[in-house]
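The next block holds one structure in the form of structure tokens; read it before the comments.
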């Protein structure tokens with residue numbers, strides 16, 4: 001997605017529960033041999049949508065907005081939202097006072113937050129009557145239905161809510177400019193989280209605990225050894241180079257100073273992401289995930305929030321923010337900090 005003009009990012013927030021679960025807190029049978037994280041953010045009670053509401057309130061307060069000012073509210077998630085037959089997007093809108101906004105749920109698994117930001121930006125640029133949007137995400141990966149440390153390969157899962165505010169108002173004074181989001185997909189990989197399982201009539205019908213490792217094993221045993229790694233390398237390369245081209249940047253652009261990595265296991269980042277990023281750009285890689293875990297649909301928004309929170313961009317500098325989700329889909333956002341005169 002490339003818009004004619006940048007879209008203003010008025011706020012980006014993430015709301016993390018206070019508790020950080022360290023690997024040695026997990027019962028021995030479920031303890032990871034190679035954790036890859038120092039700790040994971042764990043919600044003791046709040047659901048994903050409730051976490052998103054907290055992040056949304058912080059974002060609105062930070063921008064000086066009211067929920068009633070919103071024209072759009074897009075909400076993304078990757079895991080169970082607390083009720084079986086329900087629209088969490090409408091819940092978040094109601095709790096934020098966004099009762100005249102259009103609530104829309106985006107279900108693209110862990111790339112959902114990036115997809116929601118991309119869709120909202122395109123909507124704002126396409127509809128001159130709609131100027132303000134909130135994009136929220138919320139996920140809680142609670143036991144016993146989900147084993148956050150050992151239920152998957154290459155990632156452990158933390159709980160969080162996130163929110164991003166976008167505006168196309170001419171007088172907007174943004175925290176960041178969103179220049180583009182590039183997205184690429186490989187639908188042939190959808191079976192990685194389906195495996196050989198038959199379709200079931202209700203959630204967790206086949207297994208009481210979600211077992212992503214089992215479906216990945218079933219899928220990968222049918223393929224050549226390096227099949228997924230080859231696709232991943234090609235697609236990450238494509239999404240980064242496309243995003244740079246859409247933003248009229250090169251990988252060695254001096255103003256491009258940071259690239260925010262997905263919050264994956266440290267081994268995954270070291271083997272698949274850091275070497276490739278070093279080939280494609282001189283930007284310094286940033287890993288915000290060691291003390292949070294992978295935040296479901298919220299990695300991209302949380303990356304924006306941490307870029308702002310840690311003041312990692314000087315005025316006029318650019319950053320890339322990466323996101324990925326099963327299916328598989330990869331996204332890369334290009335943002336910049338406004339010049340001091342803006």
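Taking the listed residues 131, 147, the one that is more than 18 Å from the chain's Cα centre (by Cα) and within 25 Å of residue 271 (Cβ to Cβ) is 147, with no other qualifying. For the stretch 38-74, a residue qualifies if it is closer than 20 Å to residue 105 by Cβ and in a loop (DSSP other than H, G, I, E, B), and the qualifying residues are 46, 47, 70, 71.
Of all residues in the stretch 314-337, exactly one satisfies the criterion of being surrounded by fewer than 22 Cβ atoms within 10 Å (Cβ to Cβ) and touching a strand residue (DSSP E or B) at 6+ places or on another chain (Cβ under 6 Å), namely 317.
Against the definition (modelled with pLDDT under 95, exposed (fewer than 13 other Cβ atoms within 10 Å of the Cβ), in the same structural domain as residue 292 (by TED's automatic domain parsing) and not in a helix (DSSP H, G or I)), how does residue 202 come out, yes or no? Judged against the criteria, residue 202 is a match. Taking the stretch 130-191 as the region of interest, the strands (runs of 3 or more DSSP E) fully inside it that hold 1 or more residues being under 17 Å from residue 42 (Cβ atoms), modelled with pLDDT of 95 or more and in contact with a strand residue (DSSP E or B) (Cβ under 6 Å, 6 or more places away or on another chain) are 132-139, 160-167. Of the candidates 140, 147, the single residue that is in contact (Cβ under 8 Å) with a residue 12 or more places away in the chain and surrounded by fewer than 22 Cβ atoms within 10 Å (Cβ to Cβ) is 147. Only a single item in (1) touching a residue at least 12 places away in the same chain (Cβ under 8 Å); (2) more than 17 Å from the chain's Cα centre (by Cα) is not met by residue 112, and it is number (2). Annotation note: of 274, 258, 263, the sole residue that is surrounded by 15 or more Cβ atoms within 10 Å (Cβ to Cβ), without any contact (Cβ under 8 Å) to a residue 24 or more places away in the chain and in contact with a strand residue (DSSP E or B) (Cβ under 7 Å, 6 or more places away or on another chain) is 274.
Yes/no matrix, rows are residues, columns are (1) at pLDDT 95 or above; (2) touching a helix residue (DSSP H, G or I) at 6+ places or on another chain (Cβ under 9 Å); (3) outside the structural domain of residue 193 (by TED's automatic domain parsing):
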site: 220; (1), (2), (3): no, yes, no
site: 229; (1), (2), (3): no, yes, no
site: 252; (1), (2), (3): yes, no, no
site: 255; (1), (2), (3): yes, no, no
site: 264; (1), (2), (3): yes, yes, no
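Considering (1) within 23 Å of the chain's Cα centre (by Cα); (2) without any contact (Cβ under 8 Å) to a residue 24 or more places away in the chain; (3) under 25 Å from residue 57 (Cα atoms), the lone condition that residue 170 does not fulfil carries the number (1). Among the residues that make up the stretch 75-85, is at least one of them touching a helix residue (DSSP H, G or I) at 6+ places or on another chain (Cβ under 9 Å), in contact (Cβ under 8 Å) with a residue 24 or more places away in the chain and over 23 Å from residue 326 (Cβ atoms)? For the stretch 75-85, residues touching a helix residue (DSSP H, G or I) at 6+ places or on another chain (Cβ under 9 Å), in contact (Cβ under 8 Å) with a residue 24 or more places away in the chain and over 23 Å from residue 326 (Cβ atoms): absent. In the stretch 189-202, what residues are touching a helix residue (DSSP H, G or I) at 6+ places or on another chain (Cβ under 8 Å) and at negative phi? Those that are touching a helix residue (DSSP H, G or I) at 6+ places or on another chain (Cβ under 8 Å) and at negative phi: 189, 191, 192, 193, 194, 196, 197. Among residues of the stretch 7-27 that are within 25 Å of residue 70 (Cβ to Cβ), those with a Cβ under 6 angstrom from a residue that is modelled with pLDDT under 95 and surrounded by fewer than 24 Cβ atoms within 10 Å (Cβ to Cβ), sequence gap 6+ or separate chain, pair up as 8/172.
The values are calculated or read from the model by the stated rules, or taken from the named source; none is laboratory data. Keep in mind it's a predicted model, so treat the numbers as computed, not measured. Cβ coordinates were reconstructed from backbone atoms using ideal geometry, including for glycine residues, and neighbour counts include every protein chain displayed.
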